[in-house]
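Working notes for the structure below.
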Amino acid sequence: MKVKSSLMCQNCGRQTSHELHYVGSSLHEIRCLQCSTETWGHHHPVAGYVGEMRGRIVTKPWRVLREMTTEPAAIRSLLPRVASKPVRVASELIEILR
Amino acid sequence: MGRTIAVVLGAGSGARARHAVNKVYLDLDGLPVIARAVRPFIDHPEVDETYVVAAPGELGACAGVLADAGCVVHGILPGGPSRHASEAGAVEHFADRIESGEIEIVLIHDGARPIYHGASLATLVDRARKGGGAICGVPLNEELVSVTDHGASGWRSTENLWCAQTPQVFQAAVLLEAFRAAKAAGFEGTDTASTVERMGVPVEVVEGDPRNIKITFPEDVVLAASLVRAP
Ligand SMILES: [Zn+2]
């Protein structure tokens with residue numbers, strides 16, 4: 001999901017329109033629409049997504065959790081096993097990796 | 001003792017681009033910034049009533065956002081074109097109840113500060129009741145330097161400099177008088193304390209929490225999103 005909001009841009013030196021890109025409920029990226037300066041979410045985007053997935057699959061075995069948190073790339077192989085809404089999860093993941 | 005009311009400023013200031021969302025409605029881990037800013041005052045033992053100031057065109061949207069977040073407030077008031085105007089309008093809205101003595105304390109909080117947890121509130125209210133006003137602040141642990149066209153020209157001590165935060169808490173009668181005097185003088189304060197301080201009323205600073213950030217830069221949104229997830 002993308003949302004526009006006015007924030008102060010250090011580069012422009014004034015309040016400008018920014019685009020905030022959310023993936024799920026995680027903030028993925030913020031971009032100044034004047035100068036295109038990007039501010040990334042606090043964690044690596046894939047790592048952040050892993051954290052969110054962890055919350056969604058709390059009922060799944062610990063082994064799956066461990067694989068996901070230690071190796072972000074493992075998400076691809078895990079998706080069929082952990083996602084109750086595979087299409088939505090896959091589309092979110094594609095949005096991150098794009 | 002009279003009643004204590006909390007006023008959370010969510011109107012913002014300045015014109016927004018088309019389709020741009022007021023930053024107080026941005027999502028922080030599933031809950032809007034304004035809901036996180038209002039929450040500490042709802043049901044707080046020191047606060048009897050909580051109000052939100054919203055931009056005139058966003059009154060309905062604000063009510064909807066707060067309702068969705070389960071935040072029950074006593075009212076949503078229309079803001080003005082600046083922070084000062086929003087504060088002045090809110091204080092004037094309660095003028096009759098302040099003059100009658102029913103409202104004793106008014107607390108002002110930025111709607112763009114979603115990380116305040118209410119821990120210092122009892123101290124702030126107590127100090128305001130005794131002295132006139134009290135605000136949260138944090139020491140400025142930074143090096144300040146003057147910069148000219150020729151480069152850095154001198155470092156400044158920050159020993160006695162603090163960054164003012166909110167909540168800012170005041171005796172209601174003092175606040176009403178301060179805003180009426182400011183209007184008569186054409187004065188626009190940058191925050192509530194500056195409007196009160198020019199009346200000669202002492203404003204005490206209570207050490208606040210450095211995490212009580214105001215969302216201003218994109219980095220603040222990222223940091224706030226991280227802080228709300230912190231245990
Ligand atoms: Zn910019």
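What follows is calculated from the coordinates using simple rules that are stated; it is not laboratory data. Given the structure is predicted, the values throughout are model-derived calculations rather than measurements. Cβ placement follows ideal geometry from the backbone for every residue including glycine, while neighbour counts extend to all protein chains displayed.
Quick look at the numbers
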{"read-out": "Euclidean distance between Cα centres, region B:115-190 to region B:57-98, Å", "value": "22"}
{"read-out": "³J(HN,Hα), Karplus 6.51/-1.76/1.60, whole Hz, each residue of region B:63-70, x for Gly, Pro", "value": "4, x, 4, 5, 5, 4, 8, x"}
{"read-out": "Extreme residue, positive dipole direction of chain B, given options B:Trp155, B:Asn212, B:Ala61 (C-beta unit charges)", "value": "B:Ala61"}
{"read-out": "Ranked list, fewest to most other Cβ atoms within 10 Å of each Cβ, for B:Trp155, B:Trp162", "value": "B:Trp155, B:Trp162"}
{"read-out": "Highest-fluctuation residue, B:Ala128, B:Ala184, B:Ala67 considered, GNM on chain B with Cα pairs under 10 Å", "value": "B:Ala184"}
{"read-out": "Within 10 Å of each Cβ in B:28-35, the average number of Cβ atoms from other chains", "value": "1"}
{"read-out": "For chain B: span of alpha carbons on each principal axis (Å, largest first)", "value": "56, 42, 36"}
{"read-out": "Bridge type composition, chain B - antiparallel percent by DSSP, nearest 5", "value": "45"}
{"read-out": "Chain B: most fluctuating residue of B:Pro210, B:Pro218, B:Pro114 per GNM, C-alpha cutoff 10 Å", "value": "B:Pro218"}
{"read-out": "Mean residue ellipticity (222 nm) of chain B, computed from DSSP H runs ≥ 4 via -39,500 (n - 2.57), nearest 500", "value": "-9500 deg cm²/dmol"}
